[in-house]
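K.L.:
There's a structure below that I have some questions on.
The values are calculated or read from the model by the stated rules, or taken from the named source; none is laboratory data. This is a predicted model, so every value here is computed, not measured. A quick note on method: Cβ atoms are made from the backbone with ideal geometry, for glycine too, and the neighbour counts reach across all protein chains shown. Side chains are part of the model used for accessible areas, which takes the heavy atoms of the whole protein and leaves out ligands, DNA and RNA. Shrake-Rupley method; radii C 1.70, N 1.55, O 1.52, S 1.80 Å.
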Amino acid sequence: MVGVLLKIPLYRAFRRWGVPRLMPLNLTVSMTYRCNSRCRTCNVWRKQADELTAQEWDRVFASLGRTPYWFTISGGEPLLRQDVVEICHSVYQHCRPGIINVPTNGLRPELIAGRIEEIARACPKTRIIVNVSLDGWGEQHDAIRNVPGNFQRTLDTYRRLRALALPNLTVGIHTVISRFNVDDIPQIYREISALAPDSYITEIAEERVELDTVGADITPGLDEYSAAVDFLLAQLRVQPFTGISRVTQAFREQYYGLVKRILAERRQVIPCYAGWASAQISPEGNVWVCCIKAESLGNLRDVDYNFGHIWFNAKAAAARASIARGECFCPLANAAYTNMLCHYPSLFRAARRVLN
């Protein structure tokens, strides 16, 4: 983590002056659009892709070097890929990240626990963070996810993951706050807290090209969302966390306030570093600065899987210039972490929270 902090001035210089040119610090790798959930807040399962193979991903990761610190292995449901362990091990071998984060819908308890155990054992010096999705309690979760029995299977998955007790494994719970559950967040939080996850994180449901939700009526209103996050903030300030979860929750506090301001002011409240310090790769190998617009800067198959050839091309430069001019804004959680890390006031507030 110290190495990451030392790179922050370099990313700030990259955003302001274009040098030094750096690979992203935070990279989301979408393995697949395949998903066995049918969520009311996501239509990614409707999409299809000619997915990169494990061998193709290996060449991509080899081109990245050791710069990326945080990988999110996403989907769809990433653990449906039979080669997901091989792909995560390839990330580990080539990039040695500090964190590999894997979200899961929890629908295949035995398969999920088995593959996460294999990933954690294959990447012993990397922190593996698994976030199990729970968008409601009991039948509410099943209704939002549109899969009967989802809730009970998700609880089974969570308990199997906790039972692994591996030294590099963190098991958290994740909730998407949408118009379908925003009024119930206090109750959901109390139920989830009784499960004692290593961390509890939320993000706001939003319209994304990646998820095919543009025009969908899923985002809660400012007042409803503010009431929900004000409750969560009050809980965070009195709940003890340790290790990496303490750091995560400190930034989570900053994130909640940031989202409220973005929704109210409709602008980039702090500078966005998507395109400089964070990026995403789609299942078919398109490089995006972020998943909100999901505009391709180029396809990795067309450049012999060399990420840098796309990351530093003319399309990438144009996308960065647009972001720097403030022509877009969003509360995307994954990118927001990197934005706060590169924004000194947010970083100092989070650090003070960790040290107190």
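K.L.:
Which residue, 334, 146, 43, has the most motion in a Gaussian network model of the chain that connects Cα atoms within less than 10 Å?
P.N.:
Maximum fluctuation in the GNM of the chain, among the listed residues, is at 146.
K.L.:
Determine the distance separating the Cα centre of region 286-356 from the Cα centre of region 22-87; give it in Å without decimals.
P.N.:
Here the two parts' Cα centres lie 17 Å apart.
K.L.:
For the chain, what is the calculated [θ] at 222 nm in deg cm²/dmol (nearest 500), taking -39500 (n - 2.57) for each run of four or more DSSP H residues and dividing by its residue count?
P.N.:
Values: 13 runs with 159 residues, N = 356.
My calculation for the chain gives -14000 deg cm²/dmol from helical runs alone.
K.L.:
Using the Cα gyration tensor of region 1-41, with a ≥ b ≥ c the square roots of its eigenvalues, what is the shape: rounded (a/c below 1.5), prolate (a/b larger than b/c) or oblate (neither)? Kindly include the intermediate steps, with their values, before the conclusion.
P.N.:
Details: a/c = 3.49, a/b = 2.71, b/c = 1.29.
Prolate, since a/c reaches 1.5 and a/b exceeds b/c.
K.L.:
Counting pairs on different chains as well as pairs 8 or more places apart, how many Lys pairs in the chain have Cα atoms under 22 Å apart?
P.N.:
Lysine pairs, 8 or more places apart or on different chains, close enough: 4.
K.L.:
How far apart, in nm, are two points set 7 Å out from the Cα along the Cα-to-Cβ line at residue 118 and at residue 93?
P.N.:
Going by the 7 Å Cα→Cβ label model, 1.5 nm.
K.L.:
Another question, if that's okay. Please work out how much accessible surface residue 315 shows to a 1.4 Å probe, ignoring ligands, DNA and RNA, in Å² rounded to 10.
P.N.:
Taking all protein chains as shown, residue 315 has close to 120 Å².
K.L.:
Using the basic label-point model (7 angstrom from Cα toward the beta carbon), what is the residue 83 to residue 16 distance in nanometres?
P.N.:
It is 4.4 nm.
K.L.:
Which distance in nm do the two modelled labels at residue 318 and residue 301 give, with both placed 7 Å along the Cα-to-Cβ direction?
P.N.:
The two pseudo-label positions are separated by 2.3 nm.
K.L.:
Oh, and also: Using DSSP, restrict attention to beta bridges with both residues in the chain and report what percent are antiparallel, rounded to the nearest 5. Working shown, then result.
P.N.:
Working: 3 of 34 bridges.
Percentage antiparallel, nearest 5: 10.
K.L.:
Note the listed values (1) 18.9, 53; (2) 21.4, 86; (3) 20.9, 74, then indicate which one is Rg and Dmax of the Cα atoms in Å calculated from this particular structure.
P.N.:
(1)
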